[in-house]
Amino acid sequence: MAGVAAAIPRAASDDVMMLRHLPLSGKGFWLSLVALAAGASALLYGFLLQVLHGHAVTGQGSHGAIWGIVVANIVNFIGISHVGIAISAVVRILRLERYRQLARLAEFVTLAAITTAVLNIGMDVGRPERFIFNVVWYGRYHAPFVWSCTVITTYVVGSSVYLYLAMRRDLWVCSAKAPVRRGFFRVMSLGYTDTPASRARHNRVVWWLAVIILPIMVSVHSVYGYIFGLQAGRPGWYNPFQAPYFVLGAIVSGFSAVIIVLAVLRKAFHWEAIFHPRMFKGLGIFLGFVTLLYMYFLFSEWLTGSYASPEGERVVFRDLLAGRFSLITWSAVIAGMLFPFALLFVQGVNPRMCSIPLTVLAALLINVGLWTTRALIVVPSFYHPLLPWDVAPYTPAFSEWCIVVGSFFLFALLLLVMVKMLPVLELPEDHEGAGDGWAPAMPFWKQASVGGSAMAGMVLIGVGVANSTRPEFFHPPAIWLSGILLLLSVPFQICVLPERARRRVLRQAHGVLSSSQDVVVGVQSRLAFARQARVGRYLTSASSRAIKAPVLKSPVLGNRPYDKLRAS
Amino acid sequence: MSRTSSRRAFLGALVGAAGVAVEEAAAVERSGPPRRHKWGMVIDLDRCTGCQACAVACRAENNIPIAGATNTEKGRSIFWMNLLATSEGTYPDLRQQFFPTPCNHCEDPPCIKVCPVGATSQSEDGITQQIPDRCIGCRLCEVSCPYTRRYFNWSEPSWPVAWREHLNPDVAPRPHGVIEKCLFCHHRIRAAKARSRAEGRILVDADVRRLPACAQTCPAEAIVFGDLNDPDSEVRRLAESPRAFRLLEELGTHPKVFYLRDAKWQE
């Protein structure tokens, strides 16, 4: 924990510094909000064009590019969404204290990117109004799209729970220290009480969530690889390599996105003291390493595709490397991968060259390069169908560019909203070694609720999977998705359900009752409770209803104080 | 079998009239369940003149909308039946071959596997069906079809007013944003089945030989339709001929559309 002490400044003025991003004021904020909202409206405009005039406004066609740059954009944003949680989970699991303050920001990047990606999917499909309902209700277990729906839902819900639980203490701190919106933070912290026990419980739960989320994050992008890699009738796509290739691409573009976002916020809120240049150097070195690995994967794919592969494959790769796409391909590789890699490498080996602008430049180039590479995965295959059909050349149309450019604006807008609404930095803890303690055992009813949800969740998943061959009757994806939601509610329940408040209420009520025997039990106890609890009373009010419930003769509940009352 | 039969006979002797019914059931059991159809098509390329009458008839029969010049140029026109033009050899020895290409109704179709919502499925008779009302328009099936025999509705379908009265009432038009494809004129197959049932006989090869609009229209009689499970059908006989081949057989999709050609294919 010495690392925490070094990383997190302790002075009272630091709270002001760490929370100064919260007030919705300043010319810069309003200007950027208006600019980003205007840019994001392009997304809506492109979508409206498609709704009003049909997908014929795009450059795509059945004998042409069946999928276009919007699909490349989806892959790009799904990729970016990965890394947020990956960074955060790795920081937590491996206890990388130096990057601790980066975790929350990276989680915001995840949520903003995945929202944008799902919106993009909805805008690319022909019938957006049926899209989500039909996939959940009529989903077929053998379709990669249903796998992707399942893992994305798991990922979105899981990372939201993770983000919330990791942030809950900071929300509570904000309800006392934030310059603005203290009521909002009090509501958001859902009755958190800052005791060593609850801190320990949160830390443990979040650690386990991090362990669970890492494989889910790998699965999300693997599934995107499978959407392409399992198509035997598509030259250039059919490739067992596709899943790891996509995961690596996600790591590359996600890291570059996080570096860019980090640099912008550091500048905007003057957080130079928190995000040390050392952090950029570390991120840059890792980004350079994965970029190198990506180029190696790319080389391996191109060699396999163009050496002695079947004619159908070879024409695609010839087109990519020396044909009509060669200019785009080579500029993406040279300007978007080789050059930034060189930049990062030089910075890594020579400390005097190390600078944040250079790292950010490299990250920007890599992001553009990776986006282009995604488009080059999607489009060229359509130019060479296996049968010699005439193919209409694909030029991305205005509506598609609207969606792509608007997506980047929307991504930034969502990030801006989250950064302004929620605490970005992990606020310092008052106690030394906080969170190392053990949480006490949960009360029985809470164990029952948590265990019941976990059991019910697993049973639902089992029922869904077991009936996956009878989709018209059982609607299995709906069943297993609700199971997954129940399972993911378990960490939330463990942390958020109150446990101390009830016992205190009972003791209080008992005291009141023993002094005057003729009071109405329910009302009196509720009043006592209202005096007692300061935060989150709406959540715990359920326990006062439990008090009014008839007493059960059970060994666990037998020692309730009302037993005496009822007996008398 | 004999033990079962003897037991049945014993039971029949016991219960009299009811036993007769049991005997009849046993007789049906011996002859096996009624044979399923497996619709297939044979297209004789040596007869085909490339006149495209099949494609035109298909458009008229199945209410396929008119795409217009721009959309056709961008590859957005819909063809359930289309002519794939291929050329063999180089200039002086150039030969052209037209392949009329309906949906191949593969026995192992890649499109059904990838459909997330079950909008496409295989009927009992082996037809790869499409439910436009359920389709979400993700175009995964179109992407996965190695033959490019599935078409997306890139815009709302429209016909000139004067043409609307010529639309086929048996086939519903499809809206914007869904996939459509050749269905082997399944509405005609259903009508033929209903007719034969009304006449109290089973469907025979002569009922279906020229059933789909393309086969009916082909002036060269190059297209033959029928039941591949019927050992006596013409389509079965032709599909087993040494001239028969299928498109992209190496993919293992097992198409049910066969092509006949004498000359060896040289690319």
Check: Got a sec? Which helices (runs of 4 or more DSSP H) wholly within segment B:153-257 have at least 2 residues that are of a type in the set (Lys, Arg) and more than 14 Å from chain A (Cβ to nearest Cβ)?
Finding: B:186-198, B:234-239
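Restricting attention to segment A:347-393, and to residues there that are of a type in the set (Ser, Thr, Tyr) and under 33 Å from the mean Cα position of the chain (by Cα), which single residue is nearest to the other protein chains (Cβ to nearest Cβ)?
Taking segment A:347-393 first, the residues of a type in the set (Ser, Thr, Tyr) are A:355, A:359, A:372-373, A:381, A:383.
Now drop any that are not under 33 Å from the mean Cα position of the chain (by Cα), which leaves A:355, A:359, A:372-373, A:381.
Details: A:355: 44, A:359: 38, A:372: 21, A:373: 19, A:381: 9 Å.
Applying the filter and picking the extreme gives A:381.
If a residue must be farther than 16 Å from residue A:234 by Cβ and either more than 7 Å from chain A (Cβ to nearest Cβ) or of a type outside the set (D, E, K, R) (or both), how many such residues does segment B:129-151 contain? Full working, then the answer.
The first filter runs over segment B:129-151 and keeps only residues farther than 16 Å from residue A:234 by Cβ, leaving B:129-137, B:151.
Subset that is either more than 7 Å from chain A (Cβ to nearest Cβ) or of a type outside the set (D, E, K, R) (or both): B:129-133, B:135-137, B:151.
Result for segment B:129-151: 9.
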Margin query: Give me the residue from segment A:41-65 that is within 29 Å of the chain's Cα centre (by Cα) and surrounded by 20 or more Cβ atoms within 10 Å (Cβ to Cβ) and, out of that set, farthest from the other protein chains (Cβ to nearest Cβ).
Written below: A:42
Next item on the list: For residues that are crowded, with 24+ Cβ neighbours inside 10 Å and assigned to a loop (DSSP other than H, G, I, E, B), tally how many sit in segment A:68-94.
Entry: 1
Notebook entry, point to check: Here are some residues: A:72, A:86, A:56. Which one is of a type in the set (Gly, Ala, Ser) and closer than 23 Å to residue A:417 by Cα?
Noted result: A:86
Note to self: Are there strands (runs of 3 or more DSSP E) fully within segment B:39-115 with at least 3 residues that are in contact (Cβ under 8 Å) with a residue 60 or more places away in the chain? List them.
What the structure shows: B:39-44, B:95-101
Next item on the list: May I ask you to list the residues in segment B:118-144 that are under 11 Å from residue B:181 (Cα atoms) and touching a Gly at 6+ places or on another chain (Cβ under 9 Å)?
Entry: B:131
Next item on the list: Quick one: residue A:192 ticks every box in (1) within 14 Å of chain B (Cβ to nearest Cβ); (2) closer than 21 Å to residue A:159 by Cβ; (3) aromatic (Phe, Trp, Tyr) except a single one, so which number is it?
Entry: (1)
Next item on the list: Please enumerate the residues belonging to segment A:224-242 that are surrounded by fewer than 21 Cβ atoms within 10 Å (Cβ to Cβ) and aliphatic (A, V, I, L, M).
Entry: A:230, A:232
Next item on the list: Of the conditions (1) touching a residue at least 60 places away in the same chain (Cβ under 8 Å); (2) touching a helix residue (DSSP H, G or I) at 6+ places or on another chain (Cβ under 9 Å), residue A:196 clears all except one; give me its number.
Entry: (2)
Checklist line | Any chance residue B:118 is part of a loop (DSSP other than H, G, I, E, B), without any contact (Cβ under 8 Å) to a residue 24 or more places away in the chain and over 26 Å from residue B:223 (Cα atoms) | finding: yes
Item checked: Failed condition for residue B:126, given (1) more than 16 Å from residue B:261 (Cβ to Cβ); (2) crowded, with 16+ Cβ neighbours inside 10 Å; (3) within 11 Å of chain A (Cβ to nearest Cβ) -> (3)
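Just to be sure before I move on: is residue A:452 crowded, with 20+ Cβ neighbours inside 10 Å and modelled with pLDDT of 90 or more in the structure I sent?
Values: crowded, with 20+ Cβ neighbours inside 10 Å: no; modelled with pLDDT of 90 or more: yes.
Judged against the criteria, residue A:452 is not a match.
Where in segment A:111-188 are the helices (runs of 4 or more DSSP H), entirely inside, with at least 3 residues that are among the acidic types (Asp, Glu) and out of contact with any Ser or Thr (no Cβ under 8 Å at 6 or more places or on another chain)? Steps first, answer last, please.
On the way: elements: A:128-138, A:144-177, A:182-188.
Those helices (runs of 4 or more DSSP H) do not exist here; none qualify.
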Margin query: Of the conditions (1) modelled with pLDDT under 85; (2) surrounded by 18 or more Cβ atoms within 10 Å (Cβ to Cβ), residue A:431 satisfies every one except a single condition; which number is it?
Written below: (2)
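Which of the residues that make up segment A:129-140 are touching a residue at least 40 places away in the same chain (Cβ under 8 Å) and not hydroxyl-bearing (Ser, Thr, Tyr)? Explain how you work it out, then say what you get.
Restricting attention to segment A:129-140, the residues satisfying the condition of being touching a residue at least 40 places away in the same chain (Cβ under 8 Å) are A:135-140.
Matches in segment A:129-140: A:135, A:136, A:137, A:139, A:140.
Considering each residue of segment A:215-271, count those that are of a type in the set (Ser, Thr, Tyr) and more than 14 Å from every other protein chain (Cβ to nearest Cβ), and give that number. Give the derivation first.
First pass over segment A:215-271, keeping only residues of a type in the set (Ser, Thr, Tyr): A:219, A:222, A:224, A:226, A:238, A:245, A:253, A:256.
Pick out the ones that are also more than 14 Å from every other protein chain (Cβ to nearest Cβ) and you get A:219, A:222, A:245, A:253, A:256.
Here the count works out to 5.
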Item checked: Residue, farthest from the other protein chains (Cβ to nearest Cβ), within segment A:394-413, restricted to residues that are farther than 29 Å from residue A:292 by Cα and of a type in the set (Gly, Ala, Ser) -> A:406
Notebook entry, point to check: How many residues does segment B:199-243 contain that are in contact with a helix residue (DSSP H, G or I) (Cβ under 8 Å, 6 or more places away or on another chain), surrounded by fewer than 15 Cβ atoms within 10 Å (Cβ to Cβ) and in contact (Cβ under 8 Å) with a residue 24 or more places away in the chain?
Noted result: 2
Check: Which one is nearest to the other protein chains (Cβ to nearest Cβ) among residues in segment B:80-123 that are farther than 30 Å from residue A:141 by Cβ and of a type in the set (Ser, Thr, Tyr)?
Finding: B:86
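Test residue A:116 against the criterion of being surrounded by fewer than 24 Cβ atoms within 10 Å (Cβ to Cβ) and of a type in the set (S, T, N, Q), and give yes or no.
Details: surrounded by fewer than 24 Cβ atoms within 10 Å (Cβ to Cβ): no; of a type in the set (S, T, N, Q): yes.
Against the criterion (surrounded by fewer than 24 Cβ atoms within 10 Å (Cβ to Cβ) and of a type in the set (S, T, N, Q)), residue A:116 does not qualify.
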Margin query: Return the pair list, or none, for Cβ contacts closer than 6 Å from residues in segment A:141-167 that are within 14 Å of chain B (Cβ to nearest Cβ) to residues that are of a type in the set (Phe, Trp, Tyr), at least 6 apart or on different chains.
Written below: A:144/A:226
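Just wondering, is there one or more residues in segment A:398-421 that are closer than 30 Å to residue A:199 by Cα and in contact with a His (Cβ under 9 Å, 6 or more places away or on another chain)?
Pass one, segment A:398-421, residues closer than 30 Å to residue A:199 by Cα: A:414-421.
Going one step further and asking which of them are in contact with a His (Cβ under 9 Å, 6 or more places away or on another chain), we end up with A:419-420.
Yes: one or more hits.
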Check: farther than 16 Å from residue A:374 by Cα and within 14 Å of chain B (Cβ to nearest Cβ) - does that describe any residue in segment A:97-118?
Finding: yes
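Okay, residues lined up against (1) at pLDDT 90 or above; (2) aliphatic (A, V, I, L, M); (3) over 17 Å from residue A:471 (Cβ atoms):
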| site | (1), (2), (3) |
| --- | --- |
| A:98 | no, no, yes |
| A:103 | no, yes, yes |
| A:116 | yes, no, yes |
| A:134 | yes, no, no |
| A:137 | yes, no, no |
| A:145 | yes, no, no |
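The values are calculated or read from the model by the stated rules, or taken from the named source; none is laboratory data. All figures in this text were calculated on a predicted structure; none of them were measured in a lab. Neighbour counts run over all protein chains shown; Cβ positions are idealised from the backbone, glycine included.
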